[in-house]
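Notes to accompany the following structure.
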Amino acid sequence: MALPAPESGLPQFDVQWWPGQIFWTLVTFTVLFFLMRWIFVPRIGGGMASREDKIAGDIGLARKLKDEAEAQAAAAQAEKAEAHAKARAIGVEAKTKADGEIAAVRAAEDAKLAETLSIAEIAIRTAKEQSMSNVRTIASDAARQIVGKLTGAEASASEVDTALAGRS
């Protein structure tokens with residue numbers, strides 16, 4: 001069979017070629033349909049599903065890590081608060097201990113000061129009594145000498161003591 005001479009126009013629109021074109025269109029469509037149905041779409045779908053699974057797994061892992069990080073941050077915050085509380089307690093304890101030691105030292109120093117003051121008061125009292133007894137002796141001697149110079153006669157110690165006793 002010889003090919004007819006080309007006619008003017010497009011061969012697709014020539015009716016004599018339609019049965020072959022329809023056959024090959026159906027064969028191509030069927031082959032492409034089966035390739036798409038059993039090879040390409042499942043691979044693409046499987047790739048998409050595995051990608052979705054990977055993304056979901058990564059999101060789940062990220063949420064888990066975020067929750068762990070938040071839990072660790074909360075634990076660190078609690079440890080920090082506990083450390084601050086312990087530090088405050090140690091500070092209060094140290095201050096209380098220091099205040100107690102200061103009070104004990106102050107009480108000991110007050111006791112020493114009171115003892116020293118008591119000893120000083122006793123020494124002053126003793127010195128005053130000694131000086132008063134010396135004043136009496138000096139006054140008695142001076143009175144006798146004055147009486148002796150004025151009257152020319154010696155006054156007895158009992159007379160001077162009686163005269164001084166009446167004045168005191």
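Of all residues in the stretch 10-28, one or more are open to solvent by 70 Å² or more (accessible area, probe 1.4 Å) and not in a helix (DSSP H, G or I).
Name the single residue that is farthest from D161 (Cα to Cα) among those in the stretch 118-134 being open to solvent by less than 100 Å² (accessible area, probe 1.4 Å) and within 56 Å of the chain's Cα centre (by Cα). Quick ask: steps written out before the conclusion?
Taking the stretch 118-134 as the starting set, the residues that turn out to be open to solvent by less than 100 Å² (accessible area, probe 1.4 Å) are 118, 120-123, 126-127, 131, 133-134.
Among the residues that remain, those that are also within 56 Å of the chain's Cα centre (by Cα) are: 118, 120-121.
Details: S118: 34, A120: 32, E121: 29 Å.
Going through the qualifying residues, I end up with S118.
For the stretch 34-53, the condition holds for at least one residue, the condition being that it is closer than 30 Å to Q12 by Cα and open to solvent by less than 80 Å² (accessible area, probe 1.4 Å).
The values are calculated or read from the model by the stated rules, or taken from the named source; none is laboratory data. Just so it is clear, the structure is predicted and the values come from calculations on it, not from any experiment. SASA here: full protein model, heavy atoms, side chains in, ligands and nucleic acids out. Shrake-Rupley method; radii C 1.70, N 1.55, O 1.52, S 1.80 Å.
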